[in-house]
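Since the structure comes first, as structure tokens, the remarks are kept for the end.
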Amino acid sequence: MKPRFEYGDHVRVVRTVRNDGTFPGMETGDVLTRAGGVGYVRNVGTFLQDQIIYAVYFTEVDRTVGCREEELIPAGDPWVPTRFLFRDHVINRIPLTVGGTVVVPAGEAGEVLKVLRDSPSGPAYHVYFDGRVFQVPETALEPLEVPA
């Protein structure tokens, strides 16, 4: 098992990393670093002898976070920023149809399950709406405003 990145490499995290309960001083589920954040590899190690883990210092949040190899790309690689992240709550701006029948009317609340940055027509998402998952383009979604 040879690491892809070395000490000092400038990297970008491709998905939001949340506290799994092992990061001190923060609640489980809190965001440690957001998708697209860049940092520098500080250390390379292994977990359970079959996963390479990188300690990455993210300057934007002033925090060192453990990242798996599949969560990182070189910082200079192309990056498509997205408006929404995994677990974000959204509203569809247009009705969603299957075979010409509306199955999710416009204005319904959903939850982002997956971010699709490489979609040919721009960012898209797998969004859960009332028991079903749909692939929805970013342009068809709005953030769900949660009352304070």
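Laboratory data are not the source of any read-out in this text; all were calculated from the coordinates shown. Source: prediction; values computed, not measured. Glycine gets a Cβ as well: all are built from the backbone with ideal geometry, and neighbour counts include every protein chain shown.
A few notes on this one:
- Spin-label pair Asn43/His89, simplified geometry with 7 Å Cα→Cβ offset, distance in nm: 3.8 nm
- Projected label distance in nm at Ala75 and Thr28, using a 7 Å step from Cα toward the beta-carbon: 3.3 nm
- Summary of packing: across the peptides 42-50, 116-124, the per-residue average of other C-beta atoms within 10 Å ranks them, highest first, as 116-124, 42-50.
- Share of alpha-carbon pairs per 10 Å distance bin for the chain, given as whole %: 11, 33, 30, 19, 7, 0
- The range 91-141 versus the range 1-57: alpha-carbon centroid distance in Å: 30 Å
- In terms of its C-alpha gyration tensor, the range 49-124 has a prolate overall shape, because the principal axis ratio a/c (a ≥ b ≥ c, square roots of the eigenvalues) is not below 1.5 and a/b outweighs b/c.
- Dimensionless Rg ratio for the range 89-143, taking C-alpha atoms and the 2.2 N^0.38 Å reference: 1.03
- If the segment from Thr97 to Arg68 were pulled out straight at 0.36 nm per residue, it would be longer than the present Cα-Cα gap by 6.7 nm.
- Each of Phe129, Thr59, Pro105 was scored by the projection of its Cα onto the charge dipole of the range 59-148, and the greatest displacement toward the positive side belongs to Pro105; charges sit on the C-beta of Lys, Arg, Asp and Glu.
- Loop sites in the range 62-138: chymotrypsin sites (Phe, Trp or Tyr not before Pro), DSSP, at most 16 other Cβ within 10 Å: Trp79, Phe86
- Simple label model, 7 Å out from Cα along Cβ direction - Asp118 to Ala106, nm: 3.3 nm
- Shape of the range 1-65, Cα gyration tensor, a/c cut at 1.5: oblate
- Which of Leu72, Leu85 has the fewest Cβ neighbours within 10 Å, and the rest in rising order: Leu85, Leu72
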